[in-house]
1. Show that you can apply the helix-only estimate: for the chain, add -39,500 (n - 2.57) for every DSSP H stretch of four or more residues, divide by all residues, and state [θ] at 222 nm to the nearest 500.
2. If you put +1 on each Lys and Arg Cβ and -1 on each Asp and Glu Cβ, how big is the dipole of the stretch 5-78 around its Cα centre, in Debye rounded to 20?
3. In square angstrom, what is the accessible area per residue of the stretch 287-346 with a 1.4 angstrom probe?
4. Work from the charge dipole of the stretch 300-341 (Cβ charges, +1 for Lys and Arg, -1 for Asp and Glu, about the Cα centre) and give the residue of 310, 334, 300 farthest towards its positive end.
5. Quick one: 3J(HN,Hα) in Hz for the stretch 191-202, Karplus 6.51/-1.76/1.60 with θ = phi - 60°, rounded, Gly and Pro as x.
6. Only one of the listed values, (1) 53.2; (2) 26.3; (3) 30.0, was derived from the coordinates as mean projected area of the Cα convex hull in nm²; which label is it?
7. With a 1.4 Å probe and every protein chain left in place, work out the accessible area per residue of the stretch 5-78 in Å², rounded to a whole number.
8. Based on Cβ point charges of +1 for Lys and Arg and -1 for Asp and Glu, what charge dipole magnitude is obtained for the chain about its Cα centre, in debye rounded to the nearest 20?
Amino acid sequence: AMLDPDSGLSLTIARIVQRLKGSSLHSQLERQARVSLHKPEIKLESLKEDIRDFLKTSGWEKKLQNAVYSELNVFPSPSHPAAPPEHMKEPLAYMRKAQGSWEKRILKSLNSMCTELGIPLAQKRPVNEQKELLNKWNEMGTDEPDLSLFRPVYAPKDFLEVLMNLRNPNYENGEQPSFRNHLGLIQVPLKVKDIPELKEDFSELGLNIGQLGIDDSAQVPPEFFENEHVRVGQKVLAEQDSAAAQQYVRQGCPTALRADLWALILNISNQPEDILYYEQLKSNVIQHDLLVDSLIYKDVKLTASNDDYYFVFEDYLYQVLLCFSRDTSVLEHFSYSSATPPKSYIRGKLGMEEYAVFYPPNGVIPFHGFSMYVAPLCFLYHEPSKLYQIFREMYVRFFFRLHSISSHPSGIVSLCLLFETLLQTHLPQLFYHLREIGAQPLRISFKWMVRAFSGYLATDQLLLLWDRILGYNSLEILAVLAAAVFAFRAVNLMEVTSLAAAE
């Protein structure tokens, strides 16, 4: 009550209360409070305090804290009350416009494929097909439908072309002195961090701090660091505190604790109602056939199925991605994403809003390589509904930023700019050399960043990288790693004379 009603904090509190009101946690807390009334230690004259103490000691308060922490991590802080709602999505008008026209292109590509192949966007499956799919749900990979006519809606390099053409209309004719010397492919003036700022933000990655994956294999007896780190990790898990877990994984996760720590950070507990929700998505997959199913199928076949690490998870990937495409709760993330879910009109009702549906139902059209966001998680979670929830949460917190146009510091445009700026500033000779031979560094690193390095690093290394994404609640580490790879290979790269050789 002490707060100034206009202050951002009270807005944030109001929003979180609003969001938690509809959650299952809210009803569980009410139920627990009611149950506690029958306990002898709860007295009428000190009812409020007693119930509060009970919720504290029985662990419910911790659950509430984690839920609040999760909200704070995902949703941006409320903007100025006078700001228009689209500012929540993306404050820069030219970015919103570019994202809008990119979406139109994707949808056009999808629709023309429909027309060409004579396949509807969605149709009910005949009963015999439903039975068949249900029977082979756990071995969908054995199916070999002819997908030769399907092509990915777009690939990362198509997206890079769009980003290279982005311009801020307020900076016509290159009047931006500070920016004129940027020789990279990205030509928009966004503020990205320099090395001192990155050092401060990623202080736990300093050379004087132990890192799992490095210091457990150094000349120093590894037991010291590793055993101690594992002990702390077990303590963090016992405490069940999301914020502590997030701080802890910045130094890397012990393999045995990773699945539980990530679930704690993402606030995923796989309750009965979550399992039920997953089963509902599955029955939706069984009943309806979507055009995107074939795109998902083809993507898995082109990427994960050919990967030495991930081909064994083929069936998990179909299950997760097919359910994901039907999950309307994913639409929520469009309130803070620069993207807008594509709409499709019921046949013959084009342009009539009351006949518009989101397509696919989750609003996300998969592109070439999309299944690689899921593949690494299959190493950690073997229970489909839990694997599913972890992936969905990773997507709405992080991965959506890698394929939408925005000015967000974790957005792909900022990552590209950060990568190019780091390289141009710290390895100018290498940067010039590669640029001269037509091997712009971003042309090589873009696909690494779009996929969060999945499929480009060995899985154990990739999971150590994703530990940091979760730990810092940021994707900026991807750009830093991409620049570091070039630094690591600088001597060899100075010798090459073509893009192919640089690759």
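1. Helices in the chain give a 222 nm mean residue ellipticity of -16500 deg cm²/dmol.
2. Charge dipole, the stretch 5-78, about its Cα centre: 240 debye, nearest 20.
3. Result: 34 Å² of accessible area for each residue.
4. Among 310, 334, 300, the one farthest towards the positive end of the dipole of the stretch 300-341 is 334.
5. The phi angles translate into 7, 10, 6, 9, 4, x, 5, 5, 4, 5, 5, 9 Hz.
6. Answer label, from the structure shown: (3).
7. 66 Å²
8. 1180 debye
The values are calculated or read from the model by the stated rules, or taken from the named source; none is laboratory data. For clarity, every value in this text was computed on a predicted model and none was experimentally measured. Positions of Cβ are generated from backbone atoms using ideal geometry, with glycine treated the same way; all protein chains shown enter the neighbour counts. Ligands, DNA and RNA are excluded from the accessible area calculation, which covers all protein heavy atoms including side chains. Shrake-Rupley method; radii C 1.70, N 1.55, O 1.52, S 1.80 Å.
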